[in-house]
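What follows is one structure encoded as structure tokens, with my remarks underneath.
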Amino acid sequence: MSDVAGRRRARGGGGAARRAARSAVSFETAKYIERNIPNFEVLTEEALEIIETNAETLLEEIGVNFVNNPAACALWKEAGADVQGERVHIPRGLARKLCATAPREFTQHARNPERNVVIGGRNLVLAPVYGPPFVRDMAGGRRYATMEDFRKFVKLGYMSKWLHHSGGTVCEPTDVAVNKRHLDMLHAHMTLSDKPFMGSVTEPSRAQDSVDMCEILFGKDFVQENTVMTSLINVNSPMTFDDVMMGALEVYAKNNQACIISPFIVGGAMAPVSVVGTLTQVLAEVLAGIAYSQMVRPGAPIIFGTFVTSIDMGSGAPTFGTPEASQILYGAGQLARRMGLPYRSGGGLCGSKLPDAQAAYESANTLNAALLGGVNFMLHACGWLEGGLVSSFEKFVMDADQLGTLHKMAAGIAIDDNAQAMDAIREVGPGGHYLGCAHTQANFQDAFWKTQLLDYKPFETWDEEGARDTMTLAAERVERMLNDYQQPMIDPGVNEALAGYVANKKASMRDSFT
């Protein structure tokens with residue numbers, strides 16, 4: 001339901017278009033990544049079969065808990081599971097059979113159809129950080145997040161070329177009551193951006209509010225027939241599905257909206273310390289969660305999710321960007337592909353307190369692993385800091401810039417006549433240079449990926465301009481992007497209806513901060 005004029009206004013014509021292209025203001029969004037490179041696979045066929053067999057054993061012999069949810073237990077019993085109180089023992093093969101109705105890929109629609117994304121297959125969709133209660137910037141330091149911070153992140157996400165998705169809880173706005181903040185967050189995603197977004201999962205009624213607001217934005221019939229939200233359902237690892245998350249899952253599945261079924265694991269605390277042991281638990285939990293979604297509504301869109309970190313055995317703190325975490329990411333990707341399901345993992349994850357060298361190393365390790373590991377939906381692609389406790393404005397734009405390298409890598413290597421460059425080699429010959437040759441002149445604008453942030457100037461120029469480090473450059477870019485932001489057009493009637501829904505819903509209940 002995006003206004004057509006709004007989609008066209010950044011295009012212009014003639015001199016106006018050329019001037020806009022030269023300016024810092026741009027609303028261009030790259031299409032989601034379509035990989036033209038092979039996936040990196042670390043597990044042998046024997047290893048995969050061992051993990052799959054052990055996961056089925058775990059489901060049958062140990063079982064999983066569906067707590068405070070007698071309706072879920074009844075549904076499992078009807079499907080053939082052995083239910084003992086809240087413990088559900090799933091016979092070998094049952095969960096996998098139920099998972100068979102889940103789609104291999106699906107389209108998530110944005111209010112601007114040009115921003116639609118296809119999740120699954122060879123595709124990779126990038127979404128920003130999710131969930132931190134704190135924010136950090138150079139001016140204000142570390143502080144509790146506010147709704148104004150949230151709106152700024154949505155604006156930055158909208159203006160970030162390489163980011164395909166607006167995300168969900170890009171930070172937790174603590175200045176708004178817990179029972180009402182989801183309304184303001186959804187409203188921000190729907191009106192300040194025209195990219196796809198995520199729904200609320202913190203309580204089933206808030207999931208329903210998300211569906212109701214989408215019906216205003218897209219139309220009720222459209223929502224029931226198409227996927228317009230992708231939402232995060234975390235398993236309470238180990239092997240426990242709580243009523244809050246499952247209640248939200250039930251709402252979304254019934255309304256044909258996508259859910260990421262994702263174990264949330266700190267290795268050594270919530271799963272075994274070994275890679276294969278953790279992958280066994282991940283697969284068992286995902287099988288049970290996806291199977292349940294398909295019992296609620298066969299064909300409901302889902303994503304096989306994995307979020308696994310290692311742990312510092314000295315302090316107990318979670319660690320990121322480690323080899324073991326990448327091995328689990330690669331292995332889970334293989335398991336997801338064997339099931340024929342879209343896969344979520346990865347992100348710009350780090351444990352650093354600042355967007356410094358540690359943050360860069362750790363984030364780069366996971367971003368590259370996610371690209372090579374076949375991830376289809378990458379949450380936390382930009383902005384994550386301090387183990388997920390902080391959303392950083394500077395790191396958001398630093399990460400968002402680097403996401404462009406994933407696009408370039410995923411495209412693979414061309415081998416057509418232009419790429420072979422034989423004419424250029426003949427033209428230059430021995431001892432010459434290629435700067436002025438015809439091939440260089442024809443290709444120089446697009447030959448190499450170009451950063452919009454990093455500094456490649458000579459030392460003297462860099463020094464004269466203030467010897468700015470990357471965080472300083474990022475802070476300046478944040479300010480410039482927010483100053484340049486222009487809200488995407490939205491139908492006035494829809495805008496008014498959304499504002500009215502939010503106002504009426506908030507007025508109908510008292511504030512609660514628990």
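The values are calculated or read from the model by the stated rules, or taken from the named source; none is laboratory data. Just so it is clear, the model here is predicted, and its values are computed rather than measured. As a convention, Cβ positions derive from the backbone with ideal geometry for all residues, glycine included, and neighbour counts pool all protein chains shown. Only protein heavy atoms, including side chains, enter the accessible area calculation; ligands, DNA and RNA are left aside. Shrake-Rupley method; radii C 1.70, N 1.55, O 1.52, S 1.80 Å.
Every listed requirement among (1) within 30 Å of ASN179 (Cα to Cα); (2) open to solvent by 60 Å² or more (accessible area, probe 1.4 Å); (3) charged (D, E, K, R) is met by LYS457 save one, (1). Determine the pairs where a residue that is on the phi < 0 side of the Ramachandran plot, located within the range 478-504, has a partner that is basic (Lys, Arg) and open to solvent by less than 60 Å² (accessible area, probe 1.4 Å) with Cβ atoms under 7 Å apart, the partner being 6 or more residues away or on another chain. Between residues of the range 478-504 that are on the phi < 0 side of the Ramachandran plot and residues that are basic (Lys, Arg) and open to solvent by less than 60 Å² (accessible area, probe 1.4 Å), the close pairs are LEU482/LYS155; TYR485/LYS155. Screening THR101 on (1) open to solvent by less than 20 Å² (accessible area, probe 1.4 Å); (2) within 30 Å of VAL117 (Cβ to Cβ) shows it passes everything except condition (1).
Quick check, is GLY466 without any contact (Cβ under 8 Å) to a residue 12 or more places away in the chain, under 30 Å from ARG136 (Cα atoms) and part of a loop (DSSP other than H, G, I, E, B)?
Working: without any contact (Cβ under 8 Å) to a residue 12 or more places away in the chain: yes; under 30 Å from ARG136 (Cα atoms): yes; part of a loop (DSSP other than H, G, I, E, B): yes.
Spelling it out, GLY466 is indeed without any contact (Cβ under 8 Å) to a residue 12 or more places away in the chain, under 30 Å from ARG136 (Cα atoms) and part of a loop (DSSP other than H, G, I, E, B).
Of the numbered criteria (1) charged (D, E, K, R); (2) outside any helix (DSSP H, G or I); (3) farther than 30 Å from GLU28 by Cβ, the one LYS195 fails is (3).
Please enumerate the residues belonging to the range 27-44 that are within 17 Å of GLY120 (Cα to Cα) and either of a type in the set (Phe, Trp, Tyr) or assigned to a loop (DSSP other than H, G, I, E, B) (or both). Spell out the reasoning first.
Going residue by residue through the range 27-44, those that are within 17 Å of GLY120 (Cα to Cα) are 31-40.
Answer for the range 27-44, where residues must be within 17 Å of GLY120 (Cα to Cα) and either of a type in the set (Phe, Trp, Tyr) or assigned to a loop (DSSP other than H, G, I, E, B) (or both): LYS31, TYR32, ARG35, ASN36, ILE37, PRO38, ASN39, PHE40.
So which residues in the range 228-245 are part of a strand (DSSP E or B) and not small (Gly, Ala, Ser), if there are any at all? Hits for the range 228-245 are MET229, THR230, LEU232, ILE233, ASN234, VAL235, THR240, PHE241. Taking the range 251-296 as the range and being charged (D, E, K, R) and either part of a loop (DSSP other than H, G, I, E, B) or free of Cβ contacts under 8 Å to residues at least 60 places away in the same chain (or both) as the test, only LYS254 passes. Taking the condition under 30 Å from LEU335 (Cβ atoms), among the small types (Gly, Ala, Ser), open to solvent by less than 60 Å² (accessible area, probe 1.4 Å) and assigned to a helix (DSSP H, G or I), does ALA370 pass? Yes; evaluated as a whole, the condition is true for this residue. Taking every residue in the range 204-227 that is within 17 Å of GLY493 (Cα to Cα) and part of a helix (DSSP H, G or I) and pairing it with any residue that is open to solvent by 20 Å² or more (accessible area, probe 1.4 Å) and among the hydrophobic types (A, V, I, L, M, F, W, C), at least 6 positions away or on another chain, the pairs with Cβ-Cβ distances below 7 Å are ILE216/ALA497; LEU217/MET1; PHE218/MET1. In the set (1) open to solvent by 10 Å² or more (accessible area, probe 1.4 Å); (2) of a type in the set (Lys, Arg); (3) touching a residue at least 60 places away in the same chain (Cβ under 8 Å), the condition left unmet by LYS195 is number (1). Name the single residue that is surrounded by the most Cβ atoms within 10 Å (Cβ to Cβ) among those in the range 1-54 being among the basic types (Lys, Arg) and at pLDDT below 90. The extreme case among them is ARG7. Residue by residue through the range 164-198, note down the ones that are within 30 Å of ILE33 (Cβ to Cβ), more than 13 Å from the chain's Cα centre (by Cα) and of a type in the set (Ser, Thr, Tyr). THR191, SER193 - these are the residues of the range 164-198 that are within 30 Å of ILE33 (Cβ to Cβ), more than 13 Å from the chain's Cα centre (by Cα) and of a type in the set (Ser, Thr, Tyr).
Mind telling me which of the residues LEU406, LEU379 ends up being out of contact with any helix residue (DSSP H, G or I) (no Cβ under 9 Å at 6 or more places or on another chain) and either farther than 28 Å from ASP312 by Cα or in contact (Cβ under 8 Å) with a residue 40 or more places away in the chain (or both)? Give the derivation first.
Numbers: LEU406 fails: out of contact with any helix residue (DSSP H, G or I) (no Cβ under 9 Å at 6 or more places or on another chain).
LEU379 is the lone residue from the list that is out of contact with any helix residue (DSSP H, G or I) (no Cβ under 9 Å at 6 or more places or on another chain) and either farther than 28 Å from ASP312 by Cα or in contact (Cβ under 8 Å) with a residue 40 or more places away in the chain (or both).
Name the single residue that is nearest to ALA127 (Cα to Cα) among those in the range 346-359 being in contact with a helix residue (DSSP H, G or I) (Cβ under 8 Å, 6 or more places away or on another chain) and open to solvent by 10 Å² or more (accessible area, probe 1.4 Å). Only one residue tops the list, namely LEU349.
Selection of the range 481-495 for residues being outside any loop (DSSP other than H, G, I, E, B) and surrounded by 12 or more Cβ atoms within 10 Å (Cβ to Cβ) yields MET481, LEU482, ASP484, ILE490, VAL494, ASN495.
Looking only at the range 381-435, which residues are among the hydroxyl-bearing types (Ser, Thr, Tyr) and either outside any helix (DSSP H, G or I) or over 37 Å from the mean Cα position of the chain (by Cα) (or both)? Please lay out each step first, then the result.
Pass one, the range 381-435, residues among the hydroxyl-bearing types (Ser, Thr, Tyr): 391-392, 405, 434.
Residues satisfying the conditions are SER391, SER392, TYR434.
Once the range 221-232 is narrowed to residues that are among the hydrophobic types (A, V, I, L, M, F, W, C) and surrounded by fewer than 24 Cβ atoms within 10 Å (Cβ to Cβ), the residue that is farthest from MET378 (Cα to Cα) is PHE222.
Taking the options TYR144, TYR130, name whichever one is hydroxyl-bearing (Ser, Thr, Tyr) and crowded, with 20+ Cβ neighbours inside 10 Å. Being hydroxyl-bearing (Ser, Thr, Tyr) and crowded, with 20+ Cβ neighbours inside 10 Å holds for just one of TYR144, TYR130, which is TYR130.
Return the pairs, sorted by first residue and then second, in which the second residue is in a helix (DSSP H, G or I) and open to solvent by less than 100 Å² (accessible area, probe 1.4 Å), the first residue lies in the range 415-444 and is at positive phi, the beta carbons are less than 6 Å apart, and the residues are 6+ apart or on different chains. Going by the 6 Å Cβ cut-off, the qualifying pairs are ALA421/HIS439. For the range 55-68, taking the residues that are closer than 16 Å to MET246 by Cβ and open to solvent by 20 Å² or more (accessible area, probe 1.4 Å), the one that is farthest from the chain's Cα centre (by Cα) is identified as ASN68.
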